[in-house]
Amino acid sequence: MKKLKKNVKNKTWFKLDNAGTVFPGQNTQTWSNVIRASINLKEEVDPELLAIATKRCLPRFPTMAVRLRNGFFWHYIEKNPEPPIILPDANNPCLRIKFNEDNRYMFRMFYYKNRISLEIFHALTDGFGACVFLNTITAEYLRLKGYDIPVGGMVLDINEEPKPEEIEDSFVKYASKTGKERLPLFKTYHKIGTRMPKHTTNITTGYLRVNEVKAKAKEYGVTITEYLAGILMYLHIQFQKAEGKKQKDVCMQIPVNSRNQFPSKTLRNFSVNYNLRIDPNWGDYTFEEVLRHLSLSLRLTNNPKHLSVMFAANLSMEKNPFMRFLPLIIKDLAVGLVFAFGAEKTTTSVFTNLGVAKVPDEMMEHIESMVLMPTRGQLNGARVGAASIGNVMAVTFSNMYKETDVEREFFRFLVREGIHVKIESNMQ
Amino acid sequence: MSYCVNCGVELSAGTKKCCLCDTPVINPNEIKDTECSPAFPERIAIPQSSKNKYAAIIISILLLIPNVVCVITNFLFTPELLWSIYVVSSSAMFWFLFVFPFIMKRKLPYLIVAVDAIATAAYIFIFYYYNSPRTDNWFWTVALPIDIVVFVCIAILIAFFSKEHTKAVSAIALLTSVTVLCILFCMIINLHAYSVIATYITMIIGISSFILLIFFIAVEKNKKLYSWLSRKFFY
């Protein structure tokens, strides 16, 4: 174990994890798969202290303090000796990542008034890993401000050495050896509108009270994720019906944190996407029926056995000898083409819920809310990310279109259900 | 603290309109001119245009090297035969079609089309000038008119597709342009070969396109027909 620990500290390069291998190939001049996590503090952010805090935290996260390199067959990440970049926030979050910008880091830290934001390339980590990274930096920032913040929950001890289990590729570790699954591909409904200008996204965040949403979800006998994803699915069915065209399947993509099912402590990617479909041609669905359909489908599929088979399916490319020895340039081209012509065609929208972020009580006193924002889609109109901290839940829409029909109907639905909603947007 | 009268959601302090439905916010109790901070700054971070320009310059330099070598070799060893003109003209044609657009600071599509039209005509002219007997004037009667017709058609299509259209209208536009192009090609070639303006050969294409056009226009105009077809040919 001692040898392993030493290895982590001295390791200068890492392979990308199984999920991470596809993201560089999807990258374009105008779009990257980026996760944005923000923490709203109760006081204005000092950028100089934030820079110091980020720099101090980097050695604890060896797989974040890296730059992307091209091997002959695969991309890999290597230790980045440059200082990280702290920037003032802009109106257009989730800007594309370029591997030779920002001192070659694949994450950017932003500050704006009382908000600290982290935008990180999905090849490095998933929403959970991003939030642990951001919370640890924020805790260190608050310590530099003079507050006594202990470690715990999503705040890691930066004086500790990085652990081997935090940098492992858990997909490989927990993939099924025998199970096989072929993911069905269907063309699905997409709500379209007027595209936002290049490099910009229409962002709308609704702040809800966790206890109110929880109580309402409980009334329906479902979880918060199922309840909110159910509303989104129901609204898309209604939108499609109103358009009066051929009724296609409505498919919600729900990324699931696999750490809840397996004893993994990895800070790299370890989430998989469940695609839950409903066929509107079967008849008119009430909200309760949609909710029941989604809830039961999710519960049926969300189990360790199914997850491990999904990992195995995702690993098939990496294990295929033909694919392994294909030059990287061809792999990237193939991934880009598959993504451009396939990926988002099979999903109507995305709903990702981080759940309640656990941080020490001493830190909670300084935090107002936490926001998780997925990158805008290329076909999916409004993609939704949700995160909660304390009793505040932030539901954020990243929309590639100017029209806010989905957001409007979603929040109006919640208001009709008796849930208090406070709205803010980058279009104000 | 203001609420949208339409949506029922609470809005940020100082907001002038609801960001969900654009309904103006009028709250007489809210003190005017209060300093409110928007959720996001106004600055939009547009990344510097990618290094396309530098790549274009590098490609231009790389393209220049074999051309210079060819021209020097040509004049040193076979000065009586001007074969390097084909290498130079082909490289120039490639440069104007594929490199020139990336060098432009502001992308002007009509200028690009005009430059491409001139480059294509010049390229064909070189072949005409060095290879054809002086009695044959095919460049002036066939190549140049076709070049002009094609690039004018491309310019019209760019103007048309700069606005969003339904799939049926787009199909009508494409089909019309293909039909018009075919008829014009036929006319130009017949005029050159037989000195008559005739469109017999393109009649087949023209009639098929015309029938398809009528069909698309009917589908576009008649919602009932569209709905019936959607039901009948549902796949």
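Just a few scattered comments:
- In terms of Cα atoms, the Rg and Dmax of the protein assembly as shown work out to 29.8, 95 Å.
- Residues of type aspartates and glutamates that B:LYS224 reaches as a straight line, Cα spacing below 19 Å, ignoring anything fewer than 8 places off in the same chain: A:GLU243
- Couplings 3J(HN,Hα) for segment A:224-229, derived from phi with the Karplus relation 6.51 cos²θ - 1.76 cosθ + 1.60 (θ = phi - 60°), are 4, 4, 5, 5, 6, 5 Hz, where x marks Gly and Pro.
- Pair-distance profile P(r), taking every C-alpha pair of segment A:202-425, with 5 angstrom steps and integer %: 1, 6, 12, 17, 19, 17, 12, 8, 5, 3, 1, 0
- Computed [θ] at 222 nm, deg cm²/dmol, the protein assembly as shown (DSSP H ≥ 4; -39,500 (n - 2.57); rounded to nearest 500): -13500 deg cm²/dmol
- Partners for B:LYS16 among aspartates and glutamates (Cα-Cα distance below 15 Å; same-chain residues under 8 apart left out): A:GLU424, B:GLU30, B:ASP33, B:GLU35
- Under 5 Å between amide hydrogens, built in the peptide plane, is the criterion, and for A:GLU403 it picks out A:THR194 among residues at least 5 positions away or on other chains.
- Chain A: most fluctuating residue of A:ARG416, A:ARG143, A:ARG108 per GNM, C-alpha cutoff 10 Å: A:ARG416
- Between B:MET104 and any residue 5 or more places off or on another chain, the built amide H atoms are never under 5 Å apart.
- Take each residue in A:410-420, count the other chain C-beta atoms within 10 Å of its C-beta, and the mean is 2.
- On Cα atoms only, tilt of B:167-194 relative to the major axis of chain B in degrees: 20 degrees
- Approximate shape of chain B as ellipsoid semi-axes (Cα gyration tensor, √5λ), whole Å, largest first: 54, 35, 13
- Across peptide B:8-20, the mean count of Cβ atoms from other chains lying within 10 Å of each residue's own Cβ comes to 6.
- Spread of Cα-to-Cα distances over 10 Å intervals beginning at zero, given as percent, for segment A:293-428: 9, 25, 32, 23, 9, 1
- All lysines inside 24 Å of A:LYS218 as judged from Cα atoms, apart from same-chain residues fewer than 8 positions distant: A:LYS358, A:LYS422
- Calculated from backbone phi, Karplus (6.51, -1.76, 1.60) coupling profile of segment A:139-150 in Hz, x at Gly/Pro: 4, 5, 4, 5, 5, 5, 6, x, 8, 9, 10, x
- Measuring against 25 Å, Cα to Cα, the residue pairs A:LYS214/A:LYS245; A:LYS198/A:LYS345; A:LYS248/A:LYS402; A:LYS55/A:LYS265; A:LYS180/A:LYS214; A:LYS241/B:LYS167 contain A:LYS214/A:LYS245; A:LYS180/A:LYS214 as the ones spanning a longer distance.
- For peptide A:109-117, the mean count of partner chain Cβ atoms within 10 Å of a residue's Cβ comes to 2.
- Each of the peptides A:234-243, A:274-283 was scored by the mean count of other Cβ atoms within 10 Å over its residues; in descending order, highest first, they stand as A:234-243, A:274-283.
- By average C-beta atoms within 10 angstrom, highest first, the peptides A:59-67, B:61-69: A:59-67, B:61-69
Every number in this text was worked out from the coordinates using simple rules, so none of it is lab data. Please read these numbers as outputs of a predicted model, since none were measured by experiment. Counting neighbours? That spans all protein chains shown, and the Cβs are built from the backbone with ideal geometry, glycine included.
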